[in-house]
Structures are given as C-alpha cells and as structure tokens.
1. Counting only protein heavy atoms and a 1.4 Å probe, tell me what percentage of the chain's accessible area is made up of carbon and sulfur.
2. May I ask you to derive the relative contact order of the range 99-167, considering only C-alpha pairs under 8 Å and at least 6 residues apart, and to give it as an integer percent?
3. Given C-alpha coordinates of the range 156-204, what is the ratio Rg to Rh with the Kirkwood estimate of Rh?
4. If ligands, DNA and RNA are left out, what is the accessible area of residue 195 with a 1.4 Å probe, given in Å² to the nearest 10?
5. At 1.002 mPa s and 20 °C, plugging the Kirkwood radius over alpha-carbon pairs of the range 114-163 into Stokes-Einstein gives what diffusion coefficient in µm²/s?
6. Using +1 at the C-beta of Lys and Arg and -1 at the C-beta of Asp and Glu, which of 129, 26, 117 has the Cα lying farthest in the positive direction of the dipole of the chain?
7. Might you work out the accessible area of residue 59 for me, using a 1.4 Å probe with all protein chains in place, and round it to the nearest 10 Å²?
8. As a test of the formula, what do you get for the chain when each DSSP H run with n ≥ 4 contributes -39,500 (n - 2.57) and the sum is divided by the residue count, at 222 nm and rounded to the nearest 500 deg cm²/dmol?
Amino acid sequence: MSFWRRLIERPPMIFRILFPEAVFRFGSKERCVYLTFDDGPVPEVTPRVLDILDHYGVKATFFMVGDNVRRHPELLEEVIRRGHAVGNHTMHHLKGAGVSTRRYLADVREADRYIGSHLFRPPHGLLRWKQAAAIKREYTLIMYDLITRDYSRHLNAEDVVRNVRHYSRPGAIIVFHDSLKSQPRLFGALGPSIEWLLEQGYRFRRLSRRDEYLG
C-alpha cells in the first residue's frame with residue numbers, strides 16, 4: 001500500500017488540524033460507525049443501496065448533490081422515508097479550491113433549497129479556509145475518517161472491503177458513493193463491509209448534532 005493511498009484513505013492529522021471547524025470522527029461510549037454516501041441520488045444506484053441497507057437493518061447518511069435531487073426528488077423522499085439522514089454536497093459538486101467563496105456559498109445555498117439539511121460535506125473533501133469558516137456558521141461541516149475509494153478504477157470490490165477492514169475504528173465516519181462511477185465496486189463491497197463490521201460488534205448510526213466530536 002503506497003504512502004499516497006494511505007493519505008487518501010485516512011486523512012492525516014495535519015489535514016484535520018488545518019480544518020478545526022470540521023468533524024472527521026465522532027466519539028461514543030458504544031462501538032459504532034457512521035456510514036455515509038456521497039454524490040447521489042441517482043436512480044441506477046441509490047435504490048439498490050437502500051435495499052442493501054434495509055437488508056441489514058442499517059441506517060446511514062446521504063450527502064446529496066443538489067442538481068441530482070432537483071432531477072430526482074422522489075429519491076430524496078425515499079431516502080428519508082426509509083429512515084436515513086441527508087446532507088448537502090453542493091448544487092453542482094464544486095471543488096471549493098477552484099472557485100470563489102461567494103460562488104461556493106451560493107452553490108451550497110442553492111442546494112439547500114432542495115435538500116434542507118444542517119449537515120454539509122465538501123466534494124472531494126476540499127475547500128478553502130475562508131469557505132470552511134463561512135460554512136461552519138450555517139452548517140455542521142462533516143469530513144470523514146475513512147474513504148473506501150470505491151470510486152477508483154484501480155481497485156476492485158475486494159480492495160474496497162479490505163480498506164474498510166483496515167481503517168475502521170470506533171466513531172469512524174466512513175464514505176461510500178452512490179454514484180455511477182462507484183457502481184462497479186460498490187455493490188460488491190457494501191454488503192461484505194457491513195457484514196464484517198457487524199461481526200466485529202459495530203453498530204451503525206446516522207449523523208446528528210448530538211454526537212461528541214473526537215477529531
């Protein structure tokens with residue numbers, strides 16, 4: 001496993017220090033993890049993800065792209081109906097580092113009209129300090145403790161499961177993607193990942209403001 005891959009899969013401490021406004025991991029008295037899904041909802045992927053989660057009795061949090069919700073509002077309603085939490089992932093999946101703070105915040109607020117959540121995660125985990133500070137005033141800024149890399153064409157489903165097994169720990173915020181790009185690996189990895197976590201005694205929780213931040 002390369003050094004750079006490790007930096008992606010678990011953000012290093014220096015990255016966490018650079019964004020003190022953000023939540024990377026939660027504390028809990030119980031052995032729990034937080035499954036999250038980015039970039040949806042899309043009709044080819046999200047409904048099947050929901051069925052897999054239902055099969056295991058697991059609740060998760062979906063960070064949605066506003067334009068996808070605009071096109072598929074019924075999927076937002078279905079995610080909520082099945083008891084999952086939702087979060088804002090910008091309107092157009094913007095990289096904060098590539099646009100002005102004004103444009104970025106406008107995009108986030110446009111997405112909020114469709115999603116209506118206090119949770120926010122920046123696409124690619126990238127945004128400027130000024131953007132992060134402004135977001136924190138209106139939202140709970142959620143990052144991650146583990147990126148499964150289900151989006152990578154260089155991995156297969158077994159590699160994704162291996163990442164979950166290697167990096168999961170109590171309080172971890174785990175990122176999958178309910179996207180077309182991740183689909184070839186996601187459907188083969190999600191069930192086995194959940195099964196392994198259950199075997200290790202983990203419980204699954206949705207994200208909320210009630211959790212204690214660990215960093």
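1. 51 percent
2. Reported relative contact order: 27 percent.
3. On the way: Rg = 10.6 Å, Rh = 11.1 Å.
Here the Rg-to-Rh quotient is 0.95.
4. 80 Å²
5. Using the Kirkwood radius from Cα pairs, D works out to 165 µm²/s.
6. Working it through, the farthest residue towards the positive pole turns out to be 129.
7. The value for residue 59 is about 70 Å².
8. Using -39500 (n - 2.57) per qualifying helix, the result is -12500 deg cm²/dmol.
The values are calculated or read from the model by the stated rules, or taken from the named source; none is laboratory data. Fair warning: this is a prediction, and the values are worked out from it, not measured in the lab. We place every Cβ from the backbone using ideal geometry, glycine too, and count neighbours over all the protein chains shown. Ligands, DNA and RNA are stripped out before the accessible areas are found, and what is left, the full protein with its side chains, is counted by its heavy atoms. Shrake-Rupley method; radii C 1.70, N 1.55, O 1.52, S 1.80 Å.
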